[in-house]
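Enquirer: What follows is a structure written as structure tokens; I'll ask about it next.
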Amino acid sequence: MTRNFSAWPVLLVLSLISLPLAIMYASVFVDSFTNTPPGAILPNEFTLAHWRFLVDPSIAGNIWVATLNTFIFALSMVVIVTTISAMGGYAVSRLNLPYRRFFLAGIMVMHAFPSVTLIIGVFLVLQFAGLYDTLAGVIMVKATLMLPFGIWIMKGFYDAVPWEIEMAGVQDGASRFTVWRRLILPQVKPGLIALGVFAFLDGWGEYLLPRILAPTSEFRVLSVYLQQISVTDSINYDFNLFKSVGLYYTLPVLIVFIVFQNRLMNIFGGGTKG
Amino acid sequence: MIVSNTTSAERGIRSSALTRSTEPATDTVRAARKGRARTSPLGLVMLAPALALLVAFFFAPVVLTTIFSFTNMTSATGISGGAYVITPNLLRDLEWQGMAPEAAQSLSGETISVDEAALERAAAAGVDPDFLEEIEDELLGDEFDDARSFERELKTLPSRPRRVRDLKLAAEPFSQSILNTRFATRDEAATAIASIAPDLSAEDRNTVLSAAYTGWVWTTDNFERLATTPETARLITNTALYVGFTLSLFNVGLGLFLAIAIFYMPKTSGTIFSVLWLLPRITPVVLYTVMWKWFTWDDGFLPVVAENLGLPAFNYMKGSVPTAWATIVSLNGFIGASFGMILFSGALRAIPQQQLWASEVDGASRWQQVRRIILPQLRWPILFVTCYQSLSLLSSYEQIWLTTNGGPGNTTNVWALEAFRVALSNYTGNLQYGYGAAMALVLVVAGLALSIIFLRLFRFNELVEKPKIEF
Amino acid sequence: MPIQLQDFTKRFDNTTVIERMNLEVHDGEMLALLGPSGCGKSTTLLAISGIHRVNGGQILFGEEDVSEQPSQKRNVGVVFQNYALYPHMTAYQNIAFPLEVRGMGREQIDKEVRAIAALVHIEQYLERRPGQLSGGQQQRVALARALVRKPGVLLLDEPLANLDAKLRLEMRSEIRRIQQETGITAILVTHDQVEAMSMCDRIAIMNEGQIIQIDTPTEMYRNPKTQFVAGFLGNPPIAFVNGRASGEAIRLDADEVTLPLPTGARRPKDGEPIVVGIRPEIFGVNGGSPIGGRVSFVETQGRENLYDVALPSGAVLRSIQPVRHDISVGDQVTWGVNPDALMVFSQDGTRL
């Protein structure tokens, strides 16, 4: 890297801009373990009281059920999105299809397209299909909204696999399906993992769809759980409890993010280049 | 080119000019078809699940949005068609709109008749079976003009209830009014009206029937309303401001600054900053928005700090229009900045190091280096981020919904949020699907148009390569 | 197995790449498809292997028309330029893959893999992944994988292009040895004339989607049918000088040089513009017709030197001779040229 420039003015500006973020995230950590007197900025005592929600369902409801629900939701997302994108991406990348160009353009438009605008239509479709207010409905909708992105990402990864491997496979007498499963799929494993992580994070954090499309369902995910403790009347608003639950809620995301950081960078970059 | 005899005698050589011109046209057509790549059934199978889901939850919603934007559908009308119900309120409204009071009077009248249907209703309502049997024997087929004469008749029966209240209850199922009765079809309703108010003019009857319909009807009112209400202009302005500010200040501006600053930084500190700026993107939105509440609300971090410094302290998120705008723009911008950061970082790494070394040897300052060498090469990524993020900002409302919710007043309301609120999250409880769909349709059309322009801009055609295996 | 292309035509969209090409490869021979890049040789190879479909004509393996068969049914072994080894499998698994998809038993597979590994000398590397193998070893694995299922035809697409000079020499003879030991019909696609001449029984030289000439390497070098073939073969390359026919002699343009017409050549019309090809080894010999010029460049090649001789008109001839210390750049020389080895071409490039 070039070194003959002095770095501190830029560093200073950067730190100033980053300060709000740093303070917010630091406060989530600090406040969930401490108490702060009203009007003060710094905490004055250490406490674990804000974590009682883990064992006491009377505070905000059973967190473990919500956690399990969120896991089911996020994992279903991973399975559906990776499986269907892995297949669909291969088809549009490598196989001869009628209207392939048209389909690719469609995927690309949908990929860039603001899909949340469709929520009214989706709501009506679910009503018709009888899937409104069901877990299955929400999962399918959420997964579908992610599919154009997933297919586009996987297409990018498939495109990068040399054609010669594919050609060698058919020369060796394997069917295209065998070629895909045994020769090509192992080459795009990084893409699959990244997409899976992405789907997990997306599903884990999702709030809007469960809230709108399954408002009264038994199935309560952590985001809804969290929102429900934050909309109690604002006088008794317990930021500390909220932050503890929030930290609990975000920890898996953080862990997944740190473990898969580099792979995710791949997908953020690769998926949007074109 | 002319090929002489000696060469064309050689095997494998043909004068292409000659053979091409003598070849019949039909041959060429058949040959073209012969070599065309074969459709892969496997491809169709592998694409089928994606297609099915996309059709169900992507295309169908677009189609439905379009269809419903031309209806007056609300949660009151229901989705699957309606029935005909004449309510006292409806009659009052109609009278107020100029219908003759006698007509309304005749419609609200009641008839009392003892027939099989009425007996069944009474049995279902729990009236003493012995009593009913007597009614059937004595009064079947009779009709009465008012309740009093019917009750008088009932009192003559031996097993009548002792208490007056019970008697009235028993009489009730026999009395029939078309008020508050649901008729499944227009014909049924018309028949009922004809029987109770035979004198009603055909014109009045039609007016009543149309007004009595509880289901939805086709209409272009939504678009007329959108075109005429002053709220539209305000929403468009707000949306443009929101997208413009967030995009220019954060998604592109800050993203660019972050990418370049991190690019010049030692690796470790660069990683710390890029991870910090990625956090908003992966933090669940509910937590993220509440963090901002904690940061900007009355007892939150910023007001407390401001108070200690003697600056005006209030709820910055909802307390004033400028601070509310600053909050939603930076709140969304902090999420969006990482997108630009990652993309620009990738593009920066692709710039050959030699160019930077060369410029340093030439004595360029860092600012000159950024301006003359780096920025020109980031033109395409910047354009891409602008296009892509303007689309997603255009339709993003989740964060605004969870923070200012358009407030204070309606000052930070944007198009997408309003569409969402009108259709799906309304205080009054009457969700206006039709109007919301019309608003969404405007966004869908705008989004489609923009995406197609962007596809052109980024030369989509060059991204599509034909499959190389043709079998 | 003999291969025959009859009126083979290939189009991409509306661009015709190959128009009615005819080619016959004899059983057990190794034939080179030689030509500059973009001449259609790789397209031809992909059509034979069943990757590309033909737009016209037929491809025959023996008596059987295979043009409408996919690769899986053709039983063709292909070695790609980048070897296309499956990166996630070991060398052993790579070689076993074609047998596995045929449903062969485990023991049988093991026997076959070890036999072919012995043939290409990679027994000790079988447990390694492609990433852990050198270029030459990868090449051998690719060969083994192509040959293990005993294909009727072996196709080699620029097999030596990714190797360094020393390995290239080694693999050249190795591939030839393996081809001869197995007796398989092979087609080698290359743009390198040295590879084609040193490895193959016959060469088919291609340009712009057409086969210009098919011959043995020696015959093609000695007796090129066109100026293109003469220019493509030979290193250092042949020099071309414009001239005009004048009775039994050739006058080089703008130079006071007259050369006799080589024996056996068709006589051009008087005054017809022609092109004279002079290979470096026939210029600078004892005797022959003298040509005078100035030495403009000397390239040392070790055993021999290559001298560029500029004629007064500016045309440059090349001469390859044992190292001489009496000549340096700028010297005026008059060297003889062997008139019988001259090649004369008409303006459109055909040999006279």
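The values are calculated or read from the model by the stated rules, or taken from the named source; none is laboratory data. Remember, predicted model here, so these are calculated numbers, not experimental data. Here Cβ is always computed from backbone atoms with ideal geometry, including for glycine, and neighbour counts include all displayed protein chains. Just the protein is used for accessible areas: all its heavy atoms, side chains included, with ligands, DNA and RNA removed. Shrake-Rupley method; radii C 1.70, N 1.55, O 1.52, S 1.80 Å.
Enquirer: Give, as residue ranges, the strands (runs of 3 or more DSSP E) completely inside region C:222-283 that count at least 2 residues that are surrounded by 15 or more Cβ atoms within 10 Å (Cβ to Cβ) and touching a Gly at 6+ places or on another chain (Cβ under 7 Å).
Expert: In region C:222-283, the matching strands (runs of 3 or more DSSP E) lie at C:239-246, C:249-252, C:273-278.
Enquirer: Then there is this: If you go through region C:302-321 one residue at a time, do you hit one that is in a loop (DSSP other than H, G, I, E, B), open to solvent by less than 90 Å² (accessible area, probe 1.4 Å) and farther than 22 Å from C:L342 by Cβ?
Expert: Checking region C:302-321: at least one residue is in a loop (DSSP other than H, G, I, E, B), open to solvent by less than 90 Å² (accessible area, probe 1.4 Å) and farther than 22 Å from C:L342 by Cβ.
Enquirer: Taking helices (runs of 4 or more DSSP H) that fall entirely within region B:172-289, which contain at least 2 residues that are modelled with pLDDT of 80 or more?
Expert: Answer list for region B:172-289: B:221-228, B:230-245, B:255-263, B:267-282.
Enquirer: From B:F257, B:F223, B:F245, which residue is within 22 Å of B:L378 (Cβ to Cβ), away from every other protein chain (no Cβ under 14 Å) and open to solvent by 30 Å² or more (accessible area, probe 1.4 Å)?
Expert: The unique qualifying residue is B:F245.
Enquirer: Tell me, which helices (runs of 4 or more DSSP H) lie completely within region C:1-107 with 2 or more residues that are in the same structural domain as C:I205 (by TED's automatic domain parsing), touching a residue at least 60 places away in the same chain (Cβ under 8 Å) and surrounded by 23 or more Cβ atoms within 10 Å (Cβ to Cβ)?
Expert: Output list reads C:41-49.
Enquirer: For region A:6-19, give me each residue that is part of a helix (DSSP H, G or I) and either facing another protein chain (nearest Cβ under 7 Å) or of a type in the set (V, I, T) (or both).
Expert: The answer is A:V10, A:V13, A:L14, A:I17, A:S18.
Enquirer: Restricting to region B:289-322, count the residues that are of a type outside the set (A, V, I, L, M), open to solvent by less than 60 Å² (accessible area, probe 1.4 Å), more than 9 Å from chain A (Cβ to nearest Cβ) and without any contact (Cβ under 8 Å) to a residue 40 or more places away in the chain.
Expert: 4
Enquirer: Checking B:I351 against (1) open to solvent by less than 40 Å² (accessible area, probe 1.4 Å); (2) at the interface with another protein chain (Cβ under 10 Å from one of its Cβ atoms); (3) over 30 Å from B:L431 (Cα atoms); (4) not acidic (D, E), which test does it fail?
Expert: Condition not satisfied by B:I351: (2).
Enquirer: Within region B:162-170, does at least one residue satisfy the condition of being within 19 Å of B:G109 (Cβ to Cβ), of a type outside the set (D, E) and modelled with pLDDT of 75 or more?
Expert: yes
Enquirer: In addition: Could you identify the single residue in C:L306, C:L352 that is under 31 Å from the mean Cα position of the chain (by Cα), modelled with pLDDT of 90 or more and aliphatic (A, V, I, L, M)?
Expert: Checking each option against the conditions leaves just C:L306.
Enquirer: Further question: How many residues, within region B:143-160, are surrounded by 15 or more Cβ atoms within 10 Å (Cβ to Cβ) and either within 57 Å of the chain's Cα centre (by Cα) or hydroxyl-bearing (S, T, Y) (or both)?
Expert: Final tally of qualifying residues: 4.
Enquirer: Something else now. Under the condition of being more than 10 Å from chain B (Cβ to nearest Cβ) and part of a loop (DSSP other than H, G, I, E, B), which residue from region A:192-220 is least open to solvent (accessible area, probe 1.4 Å)?
Expert: This residue is A:A214.
Enquirer: Also, I was wondering about something else. Report those strands (runs of 3 or more DSSP E) wholly inside region C:157-220 carrying at least 1 residues which are closer than 24 Å to C:V141 by Cα.
Expert: Strands (runs of 3 or more DSSP E) meeting the threshold: C:185-190.
Enquirer: Could you please tell me which pairs satisfy a Cβ distance under 7 Å, a separation of 6+ or placement on different chains, a first residue in region C:163-174 that is open to solvent by 70 Å² or more (accessible area, probe 1.4 Å), and a second residue that is modelled with pLDDT of 85 or more?
Expert: Cβ pairs passing all conditions: C:R168/C:L160; C:E170/C:G136.
Enquirer: Among the residues of region C:198-212, is any surrounded by 22 or more Cβ atoms within 10 Å (Cβ to Cβ), within 20 Å of C:V344 (Cα to Cα) and touching a Ser or Thr at 6+ places or on another chain (Cβ under 7 Å)?
Expert: yes
Enquirer: Okay, next question. Do the conditions hold for B:V285, that is, is it facing chain A (nearest Cβ under 7 Å), of a type outside the set (S, T, N, Q) and farther than 17 Å from A:I23 by Cα?
Expert: Yes; evaluated as a whole, the condition is true for this residue.
Enquirer: With respect to the numbered conditions (1) more than 24 Å from A:G205 (Cβ to Cβ); (2) more than 10 Å from chain B (Cβ to nearest Cβ); (3) touching a residue at least 12 places away in the same chain (Cβ under 8 Å), which one is the sole condition not fulfilled by A:L135?
Expert: So the condition that A:L135 fails would be (1).
Enquirer: Could we say that B:E465 is of a type in the set (D, E), within 11 Å of chain A (Cβ to nearest Cβ) and open to solvent by 10 Å² or more (accessible area, probe 1.4 Å) here?
Expert: Here the answer is yes, as B:E465 does meet what is asked.
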